[in-house]
Structures are given as structure tokens and as C-alpha cells.
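What follows is a short report on a single structure.
The values are calculated or read from the model by the stated rules, or taken from the named source; none is laboratory data. For clarity, every value in this text was computed on a predicted model and none was experimentally measured. Using ideal geometry, Cβ is built from the backbone for each residue, glycine included, and neighbour counts are taken over all protein chains shown.
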Amino acid sequence: MSFCIERHQKKMAEKVQWTVDKFTTDDLALFQEAFQFYAAQVGESADHITLKELPMVLRSVGIPVDFSDEERMKSELSGNIVFPVFLTAAARCYKQRETNQSLTDAFARFDPAGKGSIPTADFKHALTTLGDPFTAEELDGFLKEADSGGNVNYKDYAPKLLASASDSKKL
């Protein structure tokens, strides 16, 4: 992926700041209770869960975790997971969903029929005239990955764009 595309991805990722402090007191109490329950399965005085258990514990408190989240966790974390790391992982999963929805909503504005795709010509016009416009080089790199038969299927492409933008960030 070109440097120019990465610059736009970083700008987009920076627009949605999701941190642990956005969790409510009730959320934190639920997370702590679930974490302690699973930690107790490890041992009576355990203060951790295993990396293998992390996705299951996140799901048990209603945090959506998909395959790409699990793979990212495996590549970025190791050993035992203590509660602060658990909270960071929870916030990151939420942030990914929130960012994906924001990006999809932005693309949907150019899709009045609601098909999940935008004609490439319309997409080019938007990216070169609105907001922080793409240069010709950036646009070519972007469309090389996103264009599919004269359309950009943004519902499929948005998660890929976000995943590549967050690959460089660690928990």
C-alpha cells in the first residue's frame, strides 16, 4: 500500500478516538466481574486470564470479537492477560466497530440506492473534490485496491481499509 494511502488511513483512524475512559462505571463493574470469574478458573489467587481465553471473555460481556480481532490479539499479545490489558483490548474492539460504522456511513452518503457500492466515477469525483482531496497518485493507489468492475463495494472495502490502517498500532 502506498505511503499516500497510508496517510489518509492514519488521518481517518485518528478521527475516532476510543479510549477506556469511555466505558461507564457499570461497564467496568461487569468487565471486572467477568474477568475475575474467568481468572478464578486459572487458580484461586490468579489475577490473569490466558490469551486463549481473551476473546471468549470479551464476548461474554457483549464485546464483538471477530476472527481478525483474534488474529491481531495473537500477534500482538503473549502470555497472561491482566485486567488493564483486557480493558485495552475491549476498547480496541469497540473502537474498530465504531470506526468501521463511521466510515461505512460516510461512503453510504454516495449510495442513495443503498446497494453497498458506489460507481467508481462518482467515488473518484468525491475523493478529489471534497474534504482533504486525494492526489491523482493517491487516487490511483486507492482505486487499484477498491475498484471492482466499475464500482467500489464500500461495505466490503471499509473493514479492509481500517484493518490496514490499524495494523501498525499495537494494543
Practice problem: Pull up the range 23-50, narrow it to residues that are aliphatic (A, V, I, L, M) and modelled with pLDDT of 85 or more, then point me to the one that is nearest to Ala91 (Cα to Cα). | Solution: Leu28
Practice problem: Select, from Gly131, Gly114, the only residue that is modelled with pLDDT of 75 or more and either not in a strand (DSSP E or B) or not basic (Lys, Arg) (or both). | Solution: Gly114
Exercise. Only residues in the range 34-48 that are within 14 Å of Ile81 (Cβ to Cβ) count as the first member; pair them with residues that are modelled with pLDDT under 80 and surrounded by 12 or more Cβ atoms within 10 Å (Cβ to Cβ), Cβ under 7 angstrom, at least 6 apart or cross-chain, and list the lot.
Key: Ala39/Ala46; His48/Val42
Quiz item: Somewhere in the range 58-70, is a residue in a helix (DSSP H, G or I), touching a strand residue (DSSP E or B) at 6+ places or on another chain (Cβ under 9 Å) and either modelled with pLDDT of 90 or more or not polar (S, T, N, Q) (or both)?
Solution: no
Quiz item: What residue, among those in the range 76-91 that are among the small types (Gly, Ala, Ser) and surrounded by fewer than 21 Cβ atoms within 10 Å (Cβ to Cβ), is farthest from the chain's Cα centre (by Cα)?
Solution: Gly79
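Has the range 92-99 got at least one residue that is more than 21 Å from the chain's Cα centre (by Cα), at pLDDT below 90 and not hydrophobic (A, V, I, L, M, F, W, C)?
Within the range 92-99, none of the residues are more than 21 Å from the chain's Cα centre (by Cα), at pLDDT below 90 and not hydrophobic (A, V, I, L, M, F, W, C).
Looking only at the range 63-94, how many residues end up being among the β-branched types (Val, Ile, Thr) and without any contact (Cβ under 8 Å) to a residue 12 or more places away in the chain? Spell out how you get there, then give the answer.
At the first step, the residues of the range 63-94 found to be among the β-branched types (Val, Ile, Thr) are 63, 65, 81-82, 85, 88.
Filter once more, so that each one left must be without any contact (Cβ under 8 Å) to a residue 12 or more places away in the chain: none.
Adding up the residues that qualify gives 0.
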